[in-house]
1. When the residues of the stretch 31-49 are filtered to those that are touching a helix residue (DSSP H, G or I) at 6+ places or on another chain (Cβ under 8 Å) and part of a helix (DSSP H, G or I), which remaining residue is surrounded by the fewest Cβ atoms within 10 Å (Cβ to Cβ)?
2. If the Cβ limit is 6 Å and pairs must be 6+ apart or interchain, which residue in the stretch 1-30 that is more than 25 Å from residue 44 (Cβ to Cβ) and open to solvent by 100 Å² or more (accessible area, probe 1.4 Å) pairs with which residue that is part of a loop (DSSP other than H, G, I, E, B) and at pLDDT below 80?
Amino acid sequence: MNNNSNSSHSVPQAREAMNKFKYEVASEIGVPLKQGYNGDLTSAQVGYVGGYMVKKMIEEQERQMAGR
């Protein structure tokens, strides 16, 4: 997970929030993600972080759609 990636966001202002969210999720699930080089992480670890982020975003959207 490269902090200097050229990936675009639909809402450019969300970049910082998504980056913060990524580190919060990694910490929550015990993946030692750090600023800078993370080449020591396995693809499974990195995939787990991304998958868990999606899961949490879907759960939040469902809560909002349910009016909570």
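1. Across the stretch 31-49, the extreme among qualifying residues is 48.
2. If the second residue must be part of a loop (DSSP other than H, G, I, E, B) and at pLDDT below 80, the pairs left are 15/9.
The values are calculated or read from the model by the stated rules, or taken from the named source; none is laboratory data. Fair warning: this is a prediction, and the values are worked out from it, not measured in the lab. Cβ atoms come from the backbone with ideal geometry, glycine included; neighbour counts cover every protein chain shown. Heads up: the accessible areas ignore ligands, DNA and RNA and are worked out on the full protein's heavy atoms, side chains in. Shrake-Rupley method; radii C 1.70, N 1.55, O 1.52, S 1.80 Å.
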